[in-house]
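The structure under discussion appears below in the form of structure tokens.
The values are calculated or read from the model by the stated rules, or taken from the named source; none is laboratory data. Only a predicted model underlies this, so the values are computations on that prediction, with no experimental measurement involved. Heads up, the Cβs are rebuilt from the backbone with ideal geometry, glycines too, and the neighbour counts pull from every protein chain shown.
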Amino acid sequence: MASNDTPPETDRSSETDAESETGSNSETASGSEAASEPDRATIRAGRDFDAEYRLDAATAGAFLVELGEQLRDDRELTLVTDEWELPFAVGEPVNLDIDFEGVGEQELEIELELPGRSDEEPPEVR
């Protein structure tokens with residue numbers, strides 16, 4: 001999913017221990033694209049990154065639909081805000097966890113874990 005808009009939010013917290021790189025526009029885009037592309041940090045492998053958003057149900061649903069379409073159509077996705085981008089190569093299998101708490105204040109938690117894909121090739125067998 002590649003969107004240049006940060007979703008509307010009522011409460012957003014972000015923690016990052018990510019190795020971020022903000023490159024010049026000429027490194028990330030060429031020609032006329034360079035002038036329109038903002039500088040943003042790229043979240044790289046080797047560090048942790050976390051961002052949490054509180055959204056209304058319609059906005060969350062639109063995000064999930066866009067994410068689902070990207071997962072269906074491609075094994076590469078990039079999450080993007082005005083401040084950062086996170087490119088990710090999706091591996092298999094995807095883990096889907098559904099947790100319903102029906103006692104007291106009811107809550108439904110749906111968690112999707114996307115493993116990273118390795119680009120390594122196995123050794124040759126002779």
Subject >> Residue in the stretch 40-61 that is farthest from residue 79 (Cα to Cα), counting only those that are out of contact with any strand residue (DSSP E or B) (no Cβ under 6 Å at 6 or more places or on another chain) and among the charged types (D, E, K, R) >> reply: 56
Original post:
Which one of 39, 50 is part of a loop (DSSP other than H, G, I, E, B) and either within 24 Å of residue 118 (Cβ to Cβ) or modelled with pLDDT under 95 (or both)?
Top reply: 39
Original post:
Out of all the residues in the stretch 101-126, which are assigned to a strand (DSSP E or B), out of contact with any Asp or Glu (no Cβ under 7 Å at 6 or more places or on another chain) and surrounded by 10 or more Cβ atoms within 10 Å (Cβ to Cβ)?
Top reply: 110, 112, 116
